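These notes are about the structure you will find just below.
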Amino acid sequence: MSALSLLTSRAQTLNARVGAVTLVVGAFMTLVLSHTSMSLAPLRIITLAIAAFAVWSFSDEMGIRKPLNRAGFIFFCIAVTTKVQVSLGVDPHLIGRYLLLYSAFLLLAVLFWSVAFLHRQRELKVVGAVGLLAAAGPVLVIVVGHVVVGVGAVFGVGSLLEATYGAAPSDTSFVTLVERIFGVWAYVAAWLLWRGHIIGGISTAPSSA
């Protein structure tokens, strides 16, 4: 199989092709911006807008009427809204709460979509299992970090948890990790859309996902 044939789209709808392209663009910009701490508010907001557009297309193809896909879309919208507010500027004593909410809801969006993949054909099940592990781990760290002292510090979420009490976050590495998880996941989802593995919300078995 030639490299050209691997890059050829097998998506059956324009929505899927557009979703795939915008997911790649959104993922690329998210990953690039995760390497800098500069504000770059306009660029970050444009990136969020592109990602939101892409995720809407992805959710349509997955089947927006299905509970898991709809839940993922809602959590992603909340995450985007939160990050836009951070980019525009919030009170310093609140920024930790906003970033924690953004990280948690972005992870939950990936988690729900990954669980939805588990209800699909084999290649999507594999992606779903990997995505589930990648998203569930950090979510568990957030939950456990609230209870067990020191756990959050080990995984980089400690600063955000402390900042929820009003202190300015001194370390945002956990947010960076979450954005990179989403960026990699978005690349894979874009490939699945482009190659026609996600077809108009159709599942190979009866499912609510």
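The values are calculated or read from the model by the stated rules, or taken from the named source; none is laboratory data. Given the structure is predicted, the values throughout are model-derived calculations rather than measurements. Quick reminder, even Gly has a Cβ in these numbers, built from the backbone with ideal geometry, and neighbours come from all protein chains shown. These accessible areas exclude ligands, DNA and RNA; they are computed on the full protein's heavy atoms, side chains included. Shrake-Rupley method; radii C 1.70, N 1.55, O 1.52, S 1.80 Å.
Taking the listed residues Thr81, Thr8, Thr13, Thr47, the one that is free of Cβ contacts under 8 Å to residues at least 24 places away in the same chain, under 30 Å from His197 (Cα atoms) and over 19 Å from the mean Cα position of the chain (by Cα) is Thr8, with no other qualifying.
Pairing each residue of the stretch 27-40 that is closer than 22 Å to Trp191 by Cα with any residue that is open to solvent by less than 100 Å² (accessible area, probe 1.4 Å) and among the aliphatic types (A, V, I, L, M), provided the two are 6+ apart or on different chains, yields C-beta distances under 6 Å for Ala27/Ala186.
Of all the helices (runs of 4 or more DSSP H) wholly in the stretch 121-209, which have at least 1 residues that are at pLDDT 80 or above and open to solvent by 30 Å² or more (accessible area, probe 1.4 Å)?
Filter on the stretch 121-209 gives 122-145, 173-194.
Among the criteria (1) in a helix (DSSP H, G or I); (2) exposed (fewer than 15 other Cβ atoms within 10 Å of the Cβ), the one Pro92 does not fulfil is (1).
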